[in-house]
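Notes follow the structure.
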Amino acid sequence: MTTPMPINLDKLRNAVQKFGAMSFTTSQIAADYHQGESSITDQDALQFDSLLHRHAALLGIAAQPSSAGGDTVWQAL
């Protein structure tokens with residue numbers, strides 16, 4: 001089992017702010033954070049999803065209801 005890499009919250013906030021009022025998914029944030037790196041693992045996506053949920057109020061975002069499953073969809077408040 002690998003240890004998840006630490007996420008810089010300022011860099012995460014910058015990635016979220018790039019989307020402005022548009023909705024985005026957890027995977028989009030992870031890819032933007034890693035600057036388009038194609039090797040985003042499921043573990044990375046889970047780590048980002050957990051951080052986004054934990055810091056949603058601070059980041060000014062909210063999870064949106066989705067019946068499609070998969071990635072969480074987020075929207076700026």
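Any number yet on Rg/Rh for region 9-76, C-alpha, Kirkwood?
0.92
When Lys and Arg each count +1 and Asp and Glu each count -1, what net charge do the other residues less than 15 Å away from Arg13, Cβ to Cβ, add up to? Summing Lys and Arg as +1 and Asp and Glu as -1 gives +1.
Counting charges near Gln64 (Lys, Arg +1; Asp, Glu -1) among other residues having Cβ under 15 Å from its Cβ returns a value of -2.
Values in this text are rule-based calculations from the coordinates and carry no lab data. Since the model is a prediction, treat every value here as computed from it, not as a measurement. Positions of Cβ are generated from backbone atoms using ideal geometry, with glycine treated the same way; all protein chains shown enter the neighbour counts.
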